[in-house]
Every structure is written in C-alpha cells, then in structure tokens.
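Notes to accompany the following structure.
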Number of protein chains: 2
Amino acid sequence: MAVRVDLNISLDGFATTTDQTPENPFGEDWGRLTAAYVGTRTFRERVLHDASGAGSTGVDDRYAAAYFEGVAAEIMGAGMFGLHEHPDDPDWRGWWGEEPPFRVPVYVLTHTPRDNIEFANGTVFHFLAETPDAALARATDAAAGGDVRIGGGPSTIRPFLRAGLVDRIHVAIAPILLGGGIRLWDELRGLEDGYTVTSEVAESGTIHVTFAR
Amino acid sequence: MAVRVDLNISLDGFATTTDQTPENPFGEDWGRLTAAYVGTRTFRERVLHDASGAGSTGVDDRYAAAYFEGVAAEIMGAGMFGLHEHPDDPDWRGWWGEEPPFRVPVYVLTHTPRDNIEFANGTVFHFLAETPDAALARATDAAAGGDVRIGGGPSTIRPFLRAGLVDRIHVAIAPILLGGGIRLWDELRGLEDGYTVTSEVAESGTIHVTFAR
C-alpha cells in the first residue's frame, strides 16, 4: 500500500492557473497545462468515455495508465471537488458528470461537510472536516491494502508532503511558464531526502519526475 | 550570433541558495545545485585547471562543453562578480583566481563602476552602469559575431528575458528542492512563445531544458 501524488505542473512550478473567466471557467492555460495528459488514450477512455482507441500511446500514456492503476481511495480538497465555485448549491455533484473516473471512495476535505454522494460506478464522495492524518487513516482503511492518492489541489497536497505521509510523487511538468497561480513546491526544502528521484521526457515534451521511497 | 543564458536551477526554480555562512560562503546547497556540472570533465579542465581527464563525460559534460563554446563576450551582475560581498575592497578581482574561465570581455553591471581588470588569459572585466539594452549593445560589439552570454545571477538575467533579448536559454535542473532563494522564472508567463523547448535527462538525474528560437 502506498500513498501517492500525481500532478500536472508548469516549468515555473504552478499547479493552478489564473486566466479563468465566466465564459471559460477552466481558462486557456489549464488546457495547455494538461494537454499532454488529456491527449492520452487512457484519459480519453477513462475520463471522456471515448472507446474509439484515439489518443497518444507513448510515455505520457504509460503515466496516465499508472495514474489510475492500484488506487483504491482518494483524498481531495474542497476546491478540486468544486465547492468553492458552488458553495450554495446542495445538489453539486462534482465536475465529472455521472461517471466520475475515480470508481473508489473519495474523501473531500471541507469545513462544511455534507451528505455522501454515490455513483453507480463505485465512486462515493465523502465529506470530512479532518486533519491530513485523520483523513489518511480513514482513506487507508477504505483502500484495504490498495493505494491512496492525494489528488489535489496543491494546497491540499502540500501538508501531506510536509508531514512525510507520501510514498510516491509523480509530477508531469509541461514546458510552459504560467507566471502565477498556486505552487506545488512551496516551503518543501529537502523534500527529496529519503526518496529516489528519476525523470524522463515524453514525446510531447512533458517532463515526468518521480520521487519514490 | 546568439544571446544565451545557461543556468543551474533547482526543481523548485531557485538559482541561488540560502545557507551561506562565514565558514562556508557558498553553502552546502550550492554544492548540491551545481554538483553534476562541477563533476564534468569540461568543468574540471576549464575552471579547476585539472588536466588529468577526470570527471564525467556523459550528457552533463556535453552541455558543459557547449557552455563554453562560441561565447565571445559575457554580461553578469555585480553579485555574480562578488561586489555585494566585497563592496569596500578596491582590489577584489572576482571569485575565479588568476585564470578566470571566461577568456573574453566580461561586462559587470554595477551602479558604482570601477577600473577594468585584465587577466593574461584574455578575460577583461568591464564595469558598466547601463541598461540591459545598452550593455548588450556593448557586449555584442565586443563579441564581433560571436555569442554573448548573460551569465547571471537570476535577477540580472530576468530583465533580458522579459525584454525578449535572449535567443537560447539552457537550464540544468537539479532534482532537489531548495525551498528559498531567488527564482529564475518569476513573472515570465508565456516566455515559451516563439521558442522551441526541448528537454533531456542526464545520467546524473539533471534535467536539461533548452529554449531555442
């Protein structure tokens, strides 16, 4: 059982973008940050439900497939679930439609818990006002020996990294500069201690860096 | 003729370190940041004057050799030359001893110019209170068709990047987190526009990223 992080970041270290508008709620930069991942065959099958076999099949797709493999529970922040954009909507069910790609219990960290939301494909969102430690204990129980992913965003992930709770960190670095947003690596001097760090460059130009214990 | 930047940065984007002490004026982190570069055969020959042939000869050494190739003039900040640490020493001649590795005219940007310093190996330090544009015009003249490097530090390099004056940027990213210092990439959103970005990973784990026009 491993606790994992997988994240797309820019070359200047940002895991979020700043150019959202009402008309374009994700912004252009989000598309550029995630283009290589979204372009993989695995993402198209798993998230977009495109069974045509389209999509890239190289190094990026190998990481995309590994992203979904072995994860038996997930933890995410309220922002990643969409509670910041939809604070007053009791019927908000997340960004992912009726087939969220998780298919496992997902623990959403929020100061204002709400009722569980269950989907037919095995995804169940639980809402917890807990510390990272307590949330991880709960997710670890649910995972029953499988991996737990701390999904995001970066502000949710960082306390887990600082507390030494994460066994494997994979970042996919897009070779673009975003100039602003929330950084993954803030205040993490010496994080590499105790990890072996390896990197490889995908056909798309994305740099995949993995910290493994 | 090309204007070039080559810099060692950490995975969290810092080009300077924060753990300097009087006993260890460069700090431990500087050693970790530059270890792969300093370990190359080219650095050992060119900077340490070690003719034994020792040092690494792989991908890192290929970049180290390219670092010195074709540069016919250099621009650096007062801090890189050492004026901040030695403001009141009129005899300060830089960090590099009597055989500085540049062997070309070097333009040091400072608000308090001083007399030129000439070395037998062709290195001549000039001290200029100029804008980036004016300093680059001067260095370009001196280079007479050869390349001009903006050597550092990051605060000196950034205005040249922002003004679109740099043709090739090479960063060697050490897979370590420094947690503080001066960042190279601050406020450079969209820098990649107009460049082709390529990356490769050295045997040492260093990630070499090149922006070329």
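The values are calculated or read from the model by the stated rules, or taken from the named source; none is laboratory data. Keep in mind that this is a model prediction, so the values were computed, not measured. Here the Cβ positions follow ideal geometry from the backbone for every residue, glycine too, while neighbour counts run over all protein chains shown. To get the accessible areas, we keep the full protein, side chains included, count just its heavy atoms, and leave off ligands, DNA and RNA. Shrake-Rupley method; radii C 1.70, N 1.55, O 1.52, S 1.80 Å.
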Worksheet item: Would it be correct to say that A:Gly179 is in contact (Cβ under 8 Å) with a residue 12 or more places away in the chain and either surrounded by fewer than 18 Cβ atoms within 10 Å (Cβ to Cβ) or within 23 Å of A:Gly13 (Cα to Cα) (or both)?
Response: yes
What about B:Ser52, is it over 19 Å from the mean Cα position of the chain (by Cα), buried (at least 19 other Cβ atoms within 10 Å of the Cβ) and not aliphatic (A, V, I, L, M)?
-> no
The residue from B:Arg168, B:Arg183 that alone is within 12 Å of chain A (Cβ to nearest Cβ) and at pLDDT 95 or above is B:Arg183
The residue from A:Val201, A:Val197 that alone is modelled with pLDDT of 95 or more, touching an Asp or Glu at 6+ places or on another chain (Cβ under 7 Å) and facing chain B (nearest Cβ under 9 Å) is A:Val201
B:Ala73 being small (Gly, Ala, Ser), open to solvent by less than 80 Å² (accessible area, probe 1.4 Å) and either more than 14 Å from every other protein chain (Cβ to nearest Cβ) or in contact with a Phe, Trp or Tyr (Cβ under 8 Å, 6 or more places away or on another chain) (or both) | yes
When every residue in region A:137-163 that is within 12 Å of the chain's Cα centre (by Cα), farther than 12 Å from A:Met1 by Cα and not aliphatic (A, V, I, L, M) is compared, the one most open to solvent (accessible area, probe 1.4 Å) is A:Ser155
Practice task
Check whether at least one residue in region B:172-180 is farther than 25 Å from A:Trp185 by Cα and either in contact with a helix residue (DSSP H, G or I) (Cβ under 8 Å, 6 or more places away or on another chain) or β-branched (Val, Ile, Thr) (or both), and report yes or no.
Solution key: no
Of those in region B:76-92 that are touching a residue at least 40 places away in the same chain (Cβ under 8 Å) and surrounded by fewer than 20 Cβ atoms within 10 Å (Cβ to Cβ), the residue nearest to B:Gly146 (Cα to Cα) is B:Gly77
Residues of region A:196-213 being aliphatic (A, V, I, L, M) and either part of a strand (DSSP E or B) or touching a Ser or Thr at 6+ places or on another chain (Cβ under 8 Å) (or both), in sequence order, are A:Val197, A:Val201, A:Ile207, A:Val209, A:Ala212
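Considering only region B:14-30, state which residues are within 15 Å of the chain's Cα centre (by Cα) and not hydroxyl-bearing (Ser, Thr, Tyr).
Matches in region B:14-30: B:Phe14, B:Ala15, B:Trp30.
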For B:Gly190, indicate whether it is within 14 Å of chain A (Cβ to nearest Cβ), open to solvent by less than 40 Å² (accessible area, probe 1.4 Å) and at positive phi. yes
Counted residues in region B:6-42 being away from chain A (no Cβ under 14 Å) and either in a loop (DSSP other than H, G, I, E, B) or open to solvent by less than 30 Å² (accessible area, probe 1.4 Å) (or both) come to 12
- Scan region B:110-126 and give yes if some residue there is under 30 Å from A:Thr210 (Cβ atoms) and open to solvent by less than 10 Å² (accessible area, probe 1.4 Å), otherwise no. no
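Yes or no, residue by residue, for (1) over 18 Å from B:Met80 (Cα atoms); (2) at pLDDT below 95:
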| residue | (1), (2) |
| --- | --- |
| B:Pro105 | no, no |
| B:Thr112 | no, yes |
| B:Asp141 | yes, no |
| B:Gly152 | no, yes |
Exercise for review: Please work out if B:Glu99 is more than 25 Å from B:Val171 (Cβ to Cβ) and open to solvent by 40 Å² or more (accessible area, probe 1.4 Å).
Suggested key: yes
